[in-house]
Amino acid sequence: MALPRMPGPDEDSLLVHSAEGQLGPLSRRTLKSHLDEGRVQPADHVWMKGMTEWEPIEAQPGLFDALDAPPAEEAKLPGESDDDHQDRIFTDLVKQSWDYLEDHEFAGHIDEVFLGAVITGTLDTGYSLIDLNSDGTHHYLRFQNMEDHSRVIVRATHLTGTLAVSKVLGQRASVVIGYGEKVGSIQKVMGAVRAEMKSSFLQNPDPGTITVDGDMASGYVYCQVDMYWNIDEYVASDYRVDTGKLSAHIGATTHALRKYLRGRFT
Amino acid sequence: MFGLMQNFTNKAELRESKDEILVGEIVRAMSRQGHPSISFRANDDWQRVRFKTVTDPVLWSVFVTLDRKTGTGVLSQALLGSKATLRVSAELKNRLADPDDLIAMYKTDFANILKMPVMGGIKLNHELNSVFATTQQVIEIDHYVGKGDAGVEKLSRLLDGIIGRLRDKLVDYKK
């Protein structure tokens, strides 16, 4: 894949996976000197904003082009007056400042882009949103299918809300997916309530632990599982969402929970 | 008896959830227009979602706030329906601002000081880099939820119309 926009030679914009671990952000010029020193190998992988995945450095044509040329924004365009030239540089500097601010804002609200994608994807599978609570960091969604009355719960807590942390760890969220059905008899709900009491001993369930909730009033039994998801797997920095992947992951999780619930309570 | 109690509870839950159902459809409608959500604030009877208008050449973001007023109980729904106020605020952002904007800002705000953004009126609020246009109207939630594709289509038209009017008010402030 080609680089989305060639950064300036001294712009710290590249992350590299090498034998030393993750390096960066590095500029193109620094990366070139690391390559020359043998600190980084051509087969090592590089990533920068706008790329969808890590790619080998050697697969990036043009990464080391024009390292000694002045940055493109500083070169005068044909027929451009000095005044216009200076104005353009100034405008670019202001734009860069806004881009910088936007990077910080995006790191803080990527979880809410993810949440919107969860809502859209789940509505597209025939569910309606029936509960929404959010304080900006902790989000709770509950959906109901109006045909079969099954319910899906998504609880998400953003764990890496700052740009620095998200650059190091990636964008992570604690995600709890739940699936619920009306089980129809008081004995089965009581069975779920007993399982809920056992679940309550798990203060901080490990990933993959299934817990159970029973709701006597509505007759619903819910099974839910705790996980950690990389939300930048679904949301790109230009706000595009991989809805296919997101729907597949939610679908597979609810499928497993449905099987567990029906095997145990119906 | 147990079944009756469950049905009653389910109906009450769904009656109380109509505003959330509508917010879900708003999020989906905005997403289809290319406007992803970037902020949620929500509690039992009030929800606000901010959308990034990624592909809009004029607007920077749009806030949609739904505040349910009636219809959470059987009686109030029968008498008054499921009414809510829908407040939509569009934000235009300029990357450069200067002291002249301070003057323009106060002029805009004074001109709007007595305007109420109700019944379709639009109120402008000028901050340094941002100008907001806001309108508010009372809607009947039942006109949009539980109506299948027709309801969703009607909701999309409502949002498109409101955002279009707000954009028209703001476009002259775009530098």
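The values are calculated or read from the model by the stated rules, or taken from the named source; none is laboratory data. Not measured: the values here are computed from a predicted model. Here the Cβ positions follow ideal geometry from the backbone for every residue, glycine too, while neighbour counts run over all protein chains shown.
In table form, for the structure just shown:
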{"read-out": "Residue that is modelled with the highest pLDDT, among those in segment B:119-151 that are within 30 Å of B:Asn94 (Cβ to Cβ) and outside any strand (DSSP E or B)", "value": "B:Asn129"}
{"read-out": "Any hit, segment A:101-122, residues being surrounded by fewer than 12 Cβ atoms within 10 Å (Cβ to Cβ) and among the charged types (D, E, K, R)", "value": "no"}
{"read-out": "Enumerated strands (runs of 3 or more DSSP E) restricted to segment A:85-164, each holding at least 2 residues that are of a type in the set (A, V, I, L, M)", "value": "A:127-134, A:151-158"}
{"read-out": "Of the criteria (1) touching a Leu at 6+ places or on another chain (Cβ under 8 Å); (2) closer than 30 Å to A:Tyr239 by Cβ; (3) modelled with pLDDT of 85 or more, which one A:His45 fails", "value": "(1)"}
{"read-out": "Matching residues in segment A:96-115 - criterion: being facing chain B (nearest Cβ under 8 Å) and touching a residue at least 12 places away in the same chain (Cβ under 8 Å)", "value": "A:Glu112, A:Val113, A:Leu115"}
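Condition check ((1) assigned to a loop (DSSP other than H, G, I, E, B); (2) modelled with pLDDT under 95; (3) within 9 Å of another protein chain (Cβ to nearest Cβ); (4) crowded, with 21+ Cβ neighbours inside 10 Å) across all residues:
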{"site": "B:Ala42", "(1), (2), (3), (4)": "no, yes, yes, yes"}
{"site": "B:Pro57", "(1), (2), (3), (4)": "yes, yes, no, no"}
{"site": "B:Phe110", "(1), (2), (3), (4)": "no, yes, no, no"}
{"site": "B:Leu114", "(1), (2), (3), (4)": "yes, yes, no, no"}
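Yes or no, residue by residue, for (1) in contact with a helix residue (DSSP H, G or I) (Cβ under 9 Å, 6 or more places away or on another chain); (2) small (Gly, Ala, Ser):
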residue	(1), (2)
A:Leu63	yes, no
A:Ala66	yes, yes
A:Asp83	no, no
A:Leu123	yes, no
